[in-house]
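Nothing in this text is a laboratory measurement; each read-out follows from the coordinates by a stated rule. This structure is a prediction, so every number in the text was calculated from the model and none was measured. With ideal geometry, Cβ positions are generated from the backbone for all residues, glycine too; neighbour counts draw on all protein chains shown.
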């Protein structure tokens, strides 16, 4: 199969989701208790699933032509309306949120109709004719009814690839394109972490403490980048190229795994926004949970993706995740909760940088062992 590259239209389309991720972060910033995190996740799933649907459509077909570019831009416009609705999604903009998502899914079904056999009987059909209407009806209902309908819609969207996995076995995925596309979305989320670091400080008086907190938070962002692009992205590409079932790998590692990875990064980004501008103050449980909980989710997800790709555990990342959660418990339940924000950031940076250093050492050791075996053959 000829290698497929990301098109300029797809990259332009991604700019809409830069804005959408910022809006999701804003939703979580204003309400980051457990209920707020749940509402933000339920609102993020349709945004993410719309992007996934467009990416898969671009993967399995040649979209570098006027018709499909216009289709991608139409989905992008719907995504822009969805993003505009996010700040008031649980208020006065619920109908706009649901209608925009439904319109995007109908456009995608229209683009694929006649080109993929039984397109109506699969995840695209479910999104267009089940979850889209559910989101719109939810937008017409106030209070807990909206949250319930939207939660059902999110679960339905996420379950569709699993329910229709036999139908998806007929789809021929291009192995190089998908890792590149999902890596780009993760990069968008990491870009939000930079916004979370810089935006709260840019309009405030600058002093050494704030500059130090910016530097340490940036080290954390770099460490999160390194975990993915330094170690995981090539492994994901290799797994996709060699997998016996690309359908299963697409669902497990990319559709589901990257949802958790991106959610973890967005959570950390909101934690930065709550932290870097006040380096000398102690943090509340919400900010601590965002920073440390998001980092732990990110690391645990790598253990999950490694298990799905190669059937192997990832003891280093699981150990690091356990260390992060142990630190979170200490910071919440002991006098350490009085530590200033800068120290809290420093502890997290130390764990993540230490993990990357250990991973680098392990990789160097494996390469030396390979060279030794090669020299003796």
Once you have the Cα-Cα distance between residue 358 and residue 171, take 0.36 nm times their residue separation minus that, and quote the gain in nm to one decimal.
63.4 nm
Stretchable slack from residue 350 to residue 121, in nm (0.36 nm times residue separation minus alpha-carbon distance):
77.5 nm
Could you give the nm distance between label points at residue 199 and residue 211, where each point is 7 Å from its Cα heading toward the beta carbon?
2.5 nm
Calculate, in nm to one decimal, what residue 307 and residue 11 gain on full extension: separation in residues at 0.36 nm each, minus their alpha carbon distance.
103.5 nm
Over 22 Å apart: what share of the alpha carbon pairs of the stretch 8-172 falls there, rounded to a whole percent?
39 percent
Could you check which residue among 212, 202, 263 shows the biggest mean-square fluctuation in a GNM of the chain with a 10 Å Cα cutoff?
202
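Report relative contact order for the chain in percent, whole number only (criteria: Cα-Cα under 8 Å, sequence separation at least 6).
For the chain, the relative contact order is 16 percent.
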Taking 8 Å as the Cα distance limit and 6 or more residues as the minimum spacing, I'd like the relative contact order of the stretch 39-127 as a percentage.
29 percent
Only helical DSSP H runs with n ≥ 4 go in: add -39500 (n - 2.57) per run for the chain, normalise by residue count and round the 222 nm mean residue ellipticity to 500 deg cm²/dmol.
-24500 deg cm²/dmol
The exposure ranking of 337, 207, fewest beta-carbon neighbours within 10 Å first, is 207, 337
Between 26, 357, 94, find the one with the highest GNM mean-square fluctuation for the chain; connect C-alpha pairs within less than 10 Å.
357
Order of 333, 355, 96 from fewest to most other C-beta atoms within 10 Å?
333, 96, 355
Just 79, 71, 365 to compare: in a GNM of the chain, with alpha carbon springs under 10 Å, which one fluctuates most?
365
Give the label of the value calculated from the structure for Cα Rg over 2.2 N^0.38 Å, choosing from (1) 1.02; (2) 1.10; (3) 0.98.
(1)
Within 10 Å, count the other beta carbons around each residue, average over each peptide in 147-157, 57-67, and list them highest first.
147-157, 57-67
